[in-house]
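**Q** Would you mind keeping the following structure in view while I ask a few things?
The values are calculated or read from the model by the stated rules, or taken from the named source; none is laboratory data. All figures in this text were calculated on a predicted structure; none of them were measured in a lab. Counting neighbours? That spans all protein chains shown, and the Cβs are built from the backbone with ideal geometry, glycine included.
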Amino acid sequence: MFYLIFWATVILFLSASVFSVLSLKTDEDRYFPAVKYIFFAALPIELCLGFARVYYSPGSGFESIVSSIWGFFYMLALSLTLLLFYLFFSKWKNQWKSFIVIILPFITMILIVSAPFIESPRKVMLNAENMVVMNHFVTAHIFFTVAGELFFFLSFVGSILYIAMEIQLRKKTSMKLMYKLPNLESVEKFNSWSITRSLYLLSIGIILGLTMTMMAYNTVFLGTAKEAHIFFSWAVIFGIFILRRLKKIVSHKINIINLGMFIIIMSLFIFTNIFITKGFHGFK
Amino acid sequence: MNKKLNRESIPEIGLLGMNHKTAPVELREKFSLNDEKITQYMNRLHGEGLAESVCVSTCNRVEIYFASNDMEKALDSILRALEEISDLPRKDFESILYKKYSKDVIIHVLTVTSSLDSLVVGEDEILGQMKDAYRKSSKEKRTGQVLNRLFHYSFKTAKKVRTETEIARNPLSVAYIATELAKKVFEDISERKVLLIGAGEMGELILKYLTKYNIKEIYLANRSFHNAERIAGGINREAHIIALTDIPAAAISADIIISSISTPDFIISQEQGREIVKGKNGQPLFMIDIAIPRSIDPATGRLDNIFLYNVDDLQTIADENLKNRLREVELAKELIEADVDEFYKWYEGLFVVPVIVNIQQKFEEIRVNELIKYRRKRLKHLTEEDFNIIEDLTNQIMTKTLHNPIMYLRNLDAGNEKEKKSMKDNVRIVEDLFGKGAIR
């Protein structure tokens, strides 16, 4: 049953991704409604997937999601879906058509990448002291750090759209694609909005993490790869935030930096989560 | 009998017209009609064989859509009217006219209203012109059941074509393209400051387009203050008139610059462009240089946050947009075809349904009369229950007997005028054989 729901979710997101790309390539009026319907159908099924995981992992309950490597991917995909759901009703609704072309394939990719890890026994190992701490902070810590990283991903999406629109404007040929992309100024506003939220949420997540390690290990830094990665992410996001505030360099360059840094951080993120098993954060 | 079900009262539809494809402007202008003339001629034609009519007279076409119960008389009356209007003998203009009937009229009106038959495919003016022509005819009670439905149908199709294809999405006018491009840079044009340099006609036109968005501030820089004042008056907006020497300072605070001034040197050099970018604190600048020779250094367009377009760039976009529109024509035609079939089914039904009802009524009448007659005499001994069985039986026999003729009528197809004539003949034969008045 779990596999049935899992592959149903993957197929729905895959179809929505295909339609979203088609809506950009051809006449959006034909494909966009299909994307909307499939996306809104996929959301409850994706939620059911989490419940199915908890149900079919007797004894471990919610922990099977929080601590397992598959669960981590699932949380990323679900959070991104919920974020996309929120954006549909937010002030960025007009740009939603453009966001989905990048976000939906990304969610699909996360789900597909997670498939080999469904049966993986690897999980975050917690000792007795950690468990006490975990009950208090870990959910909030994970929520804020993941949310912070996801908002950084949104600014990455915005940067792609900015660069794509800028290329179209400088190409000076057809206006066909321009009508499918949001205007430069609104994308820039979105990028500032998302990087600001990314910084705040990640800061809260890090403070909670630091508090947890302080309580459990009497130190703020244990030298694990994940800790290093999160501090590095924060520094990059803070840097981009400052660059945007100071307005000392042009939007084009900031967006190039945003794009490049996200790719580096994302690669490191995958590396630290999948390949490094050392440290209390690692999936062993 | 219900008037709606009277087959003889349903007029056939026809069209007589000329357009930019069939007639040169020198001929078209001879047939051009103003509202007053349209009313005068069309009202007269209604006494001469036309049951319904809509006259469309634009710079690219003169068309008379009509419905009539006597096609030959109607056509002759229209041709006589056209002779009077143009002051030309019939033989001089008959070759440039197109005559269409039945389904071809439906295809034509839907194609025209959807702007597929226009000089500039996808332009939106024709829809308004068709609506106007229909509204006037309708107001003067020259339209009826057939043309009312046909025109409403064509407006619905035109809307569908505009929303479901990209035929009207990509602009073709240079001034409009410039405005659309500005909207791709800025979120809200109404918050923007515009600097117009020079008093060129195209620059003025772009400014007029932009002022539709209620832009925040307008700066006009020109050699002659008088011309700048004239432009400000033309757009009916308050504008700051500045000297050419003040352009660099005004450019820093402007978001959109339109230059149509011809000067021996660039009015904005690349170096000045750099200074403007610095002064703008990260804000983009949209520039249109429509002057020949160019007045803004093209190298300025390579600077970050500056989007510079010259007249050739705008024309390239216009050409590409036209190609995109033409690519959408096939899709639009498919939509039109589906709607034509739907409308034609309804239109055909107007002829066939009264005949079907007629036949059914006649058979029902015979059945009921015979049953009553037998009930009184030879079937007197039957119980109510037995008689009901006989009633059901006769009903079944009648339904099954009529099934084939009715299906035959419903499936009659008339694609062109010849088929239409044969269809009407067939309908008449079936009606004569089975309908009211046939069996007495």
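**Q** Need pairs with beta-carbon distance below 6 Å; first residue touching a residue at least 24 places away in the same chain (Cβ under 8 Å) and within segment A:2-24, second acidic (Asp, Glu); sequence gap 6+ or separate chains.
**A** So the pair list comes out as A:Thr9/A:Glu46.
**Q** Tell me, which helices (runs of 4 or more DSSP H) wholly within segment B:156-262 include 3 or more residues that are away from chain A (no Cβ under 14 Å) and touching a helix residue (DSSP H, G or I) at 6+ places or on another chain (Cβ under 7 Å)?
**A** Hits in segment B:156-262: B:201-211, B:225-235, B:247-253.
**Q** Could you grab me the full set of residues in segment B:276-294 that are within 12 Å of another protein chain (Cβ to nearest Cβ), assigned to a loop (DSSP other than H, G, I, E, B) and either on the phi > 0 side of the Ramachandran plot or under 38 Å from the mean Cα position of the chain (by Cα) (or both)?
**A** B:Asn281, B:Gly282
**Q** Another one. Of all residues in segment B:38-68, which are of a type in the set (Val, Ile, Thr) and more than 14 Å from B:Gln145 (Cβ to Cβ)?
**A** Matches in segment B:38-68: B:Ile38, B:Thr39, B:Val56, B:Thr58, B:Val62, B:Ile64.
**Q** Which numbered condition in (1) in a helix (DSSP H, G or I); (2) away from chain A (no Cβ under 14 Å) is the only one that B:Ile317 fails?
**A** If we test B:Ile317 against (1) in a helix (DSSP H, G or I); (2) away from chain A (no Cβ under 14 Å), just (2) comes out false.
**Q** What pairs come out if I take residues in segment A:158-180 that are touching a residue at least 24 places away in the same chain (Cβ under 8 Å) and over 14 Å from A:Ser98 (Cβ atoms) and pair them with residues that are of a type in the set (Phe, Trp, Tyr) and surrounded by fewer than 17 Cβ atoms within 10 Å (Cβ to Cβ) whose C-beta lies under 9 Å away, six or more apart or interchain?
**A** As it stands, the answer is none, since no pair meets every condition given.
**Q** In segment A:193-209, is there at least one residue being within 14 Å of another protein chain (Cβ to nearest Cβ), surrounded by 23 or more Cβ atoms within 10 Å (Cβ to Cβ) and under 18 Å from B:Gly282 (Cα atoms)?
**A** Taking every residue of segment A:193-209 in turn, none turns out to be within 14 Å of another protein chain (Cβ to nearest Cβ), surrounded by 23 or more Cβ atoms within 10 Å (Cβ to Cβ) and under 18 Å from B:Gly282 (Cα atoms).
**Q** Answer yes if at least one residue in segment B:73-89 is in contact (Cβ under 8 Å) with a residue 24 or more places away in the chain, surrounded by 18 or more Cβ atoms within 10 Å (Cβ to Cβ) and closer than 27 Å to B:Val427 by Cα, and no otherwise.
**A** Yes: segment B:73-89 contains one or more residues that are in contact (Cβ under 8 Å) with a residue 24 or more places away in the chain, surrounded by 18 or more Cβ atoms within 10 Å (Cβ to Cβ) and closer than 27 Å to B:Val427 by Cα.
**Q** On to the next question. Take the residues of segment A:161-175 that are surrounded by fewer than 20 Cβ atoms within 10 Å (Cβ to Cβ) and charged (D, E, K, R): which is nearest to the other protein chains (Cβ to nearest Cβ)?
**A** Among those residues, the one meeting the criterion is A:Lys172.
**Q** Which of the residues spanning segment A:102-122 are within 18 Å of the chain's Cα centre (by Cα) and at pLDDT below 90?
**A** Matches in segment A:102-122: A:Val113, A:Ser114, A:Ala115.
**Q** Would you tally the residues in segment A:166-192 being assigned to a helix (DSSP H, G or I), at pLDDT 90 or above and not basic (Lys, Arg)?
**A** Number satisfying all stated conditions: 12.
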